[in-house]
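Quick note: the coordinates plus some simple rules give every number you see, no bench work behind them. Small disclaimer: the values here were computed from a predicted structure and weren't measured. Glycine also receives a Cβ, built like all others from the backbone with ideal geometry; neighbour counts cover every protein chain displayed.
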Amino acid sequence: MADFDYDVLVIGAGPGGYVAAIRAAQLGLKTACAESRETLGGTCLNVGCIPSKALLHASHLYEEAKEGHLKKFGINLEGATLDLSQMMSEKAEAVKGLTGGIEFLFKKNKVDWLKGHASFTGTNTVEVNGKTVTAKDIVIATGSSVMPLPGVEVDNDKGIVVDSTGALKLPKVPEHMVVIGGGVIGLELGSVWRRLGAKVTVVEYLDQILPGMDEEIRKEANKIFKKQGFEYKLGTKVTGCEVKGDKAILSMEPAKGGETETMTVDAVLVSIGRKANTDKLGLDKVGLEVNQRGQIEVDHDFQTAVEGIWGIGDVVPGPMLAHKAEDEGIAVAENIAGEVGIVNHDLIPSVVYTYPEIAGIGLTTEQAKEQGYDVKIGKFPFMANSRAKTNRDTDGLVKVIADAKTDRVLGCWIISSLAGTLIAQVTQAMEFGATSEDIAYTCHAHPTHAEAIKEAAMAVQGKPIHI
Ligand code: FAD
Ligand code: NAI
């Protein structure tokens with residue numbers, strides 16, 4: 001067998017790549033990870049999950065203090081003011097701590113960080129920063145970047161027309177912000193700036209926000225966000241954007257065609273999806289092609305069409321989520337090491353970290369029906385959950401979808417301040433093939449928001465207690 005510099009070389013140190021590299025090293029493989037960014041952790045840690053959650057947390061605290069929401073609990077905070085630069089510093093600290101943590105884990109596990117952009121020069125050969133590196137197995141974990149919108153030019157430095165990276169560091173709170181795309185990024189980062197004082201209008205191409213989620217949950221979320229002050233222009237597409245001075249003039253028209261209207265605003269966030277990163281990767285050198293959506297296809301084991309080259313995370317098909325990338329990172333390393341690494345792609349939870357949070361696992365009602373299931377549905381509102389009532393935190397519900405024939409849980413959708421944490425319980429139950437009865441007869445601690453899951457499962461049986 002030929003001699004290689006490494007057993008495994010991972011390209012990209014996001015949640016997919018860094019996890020794959022650490023697991024490969026744990027399994028005794030000599031491992032390197034190439035990353036072109038200054039810091040490890042990829043989109044998620046640097047400009048994605050972590051900084052957005054830092055701002056979501058801080059802006060929520062600000063809104064609670066500023067809007068007097070704490071008054072009813074006997075806490076008077078009149079005159080709360082915003083120190084945006086301190087809020088941004090705190091976000092930067094969170095990012096620094098976590099990206100530095102990955103560097104520490106690389107050292108601890110003896111993963112070599114090859115600094116620079118990597119591109120294939122042959123099946124087992126990659127060039128990083130002018131140096132040729134060889135590896136027996138190579139994992140592509142190059143992630144994704146913002147999908148551009150023709151006619152709307154992003155300039156994150158100017159801070160008027162921005163993508164998610166720019167929206168994480170606006171120098172001041174805009175008076176009026178338009179979010180193009182009512183998906184996850186638009187609603188999360190739109191929430192941040194709305195809480196800090198901006199008027200936020202969401203322009204969405206489709207007739208409803210949050211595509212891919214359960215229809216009833218989408219409608220309920222829409223109502224809650226409207227109550228919070230979000231404005232919507234649904235069924236509308238943006239056709240162009242001109243920046244004049246410190247304003248952006250957006251042109252838009254009904255998605256189905258019709259008259260153009262313009263809107264002059266202080267900030268525009270383009271959040272219409274993300275695309276796989278395959279540019280300048282030298283895929284042609286190894287005979288790899290991308291599919292119609294620009295992604296690299298892989299098999300069940302995460303192997304590409306070329307033996308010894310693997311793919312995981314946002315660059316391959318499936319939801320573009322950090323936890324999906326991480327699980328694929330573990331599985332691919334185990335497969336390379338000759339073990340059996342599997343990811344159950346039917347059970348990848350999705351969470352929108354707004355307030356309340358919106359989370360889902362498994363099938364939507366619509367998908368279950370399309371797949372021919374006769375469904376039984378149980379719902380329980382947080383309005384009837386004792387802990388949520390006590391905390392004055394009653395927006396939302398739990399919806400459990402079960403197969404009417406077998407009672408097996410097919411999906412669960414939750415709107416709650418704690419939805420992202422609560423969904424883990426149902427995900428695990430579904431991994432074990434739980435029926436709604438299993439959940440209904442599991443003892444849940446009182447008083448907790450989790451009891452709403454038990455009650456929704458009891459409602460599938462037609463016997464909830466508290467409603
Ligand atoms: P990435 O994290 O994109 O990492 C890929 C890395 O590869 C990058 O660092 C890149 O610099 C590097 N790279 C690319 N090409 C090369 C090359 N040729 N050579 C060397 N290095 C290269 N997901 C969640 O699950 N929860 C969330 O709360 C969440 N919030 C998000 C918020 C925002 C604003 C955004 C933008 C995304 C969010 N996501 C969230 C999505 C999440 O960030 C991605 O799904 C995740 O980062 C994908 O991981 P990855 O390892 O596949 O790729
Ligand atoms: P998205 O796919 O969630 O939403 C994009 C929205 O834009 C859709 O509703 C779509 O219909 C709409 N759209 C598309 N073209 C449009 C146009 N021309 N005009 C108006 N609307 C248009 O994409 P988003 O929000 O950019 O996020 C990208 C990905 O990042 C997500 O799919 C998700 O995987 C990941 N992410 C995950 C988070 C989480 O897990 N909490 C947080 C943020 C991002």
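Summary of computed values
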read-out	value
Point-to-point label distance, T442-N344, nm (Cα→Cβ direction, 7 Å offset)	1.1
Exposure proxy order (Cβ contacts within 10 Å, fewest to most) of E103, E78	E78, E103
Extension gain from D301 to K285, taking 0.36 nm per residue of separation minus the Cα-Cα distance	3.5 nm
Ranked list, fewest to most other Cβ atoms within 10 Å of each Cβ, for E242, E35, E188	E242, E188, E35
Whole-Å semi-axes of region 138-257's equivalent ellipsoid (Cα gyration tensor)	22, 20, 16
Two-site label geometry, R408 and K369: point separation in nm, points 7 Å out along Cα→Cβ	2.2
Size of electric dipole in region 299-440: Cβ of Lys, Arg +1 and of Asp, Glu -1, about Cα centre, debye, nearest 20	960
Potential extension, L77-K172 segment - 0.36 nm per residue separation minus Cα distance	31.9 nm
Where only C-alpha atoms are counted, convex hull volume of region 214-263 per residue in Å³	102
Principal axis dimensions, region 37-138 - Cα atoms, whole angstrom, descending	66, 24, 19
Estimated Rh, the chain: Kirkwood, alpha-carbon pairs, angstrom	23.9
Extension reserve of the K158-L206 stretch, reckoned as 0.36 nm per residue once the Cα distance is removed	14.4 nm
Whole-number D in µm²/s for region 213-341 (Stokes-Einstein; Kirkwood sum over Cα pairs; 4 °C, 1.567 mPa s)	69
Beta bridge orientation in the chain: antiparallel %, DSSP, nearest 5	60
Separation of the N109 and T262 label points, Cα + 7 Å toward Cβ, nm	5.4
For the chain, Cys with no neighbouring Cys Cβ under 4.7 Å	C33, C241, C412, C443
Options H60, L234, T365, ranked by Cα towards positive dipole end of the chain, top entry (Cβ charges)	H60
Region 268-379 - Rg over Rh from alpha carbon coordinates, Kirkwood radius	1.04
Likely footprinting exposure, W413, W113, W310, fewest C-beta neighbours within 10 Å first	W113, W310, W413
Exceeding the 20 Å Cα-Cα cut-off - candidates K53/K219; K219/K275; K115/K280; K223/K369; K199/K247; K226/K454	K53/K219; K219/K275; K223/K369; K226/K454
Distant alpha-carbon pairs in region 348-435 (separation over 17 angstrom), percent	48
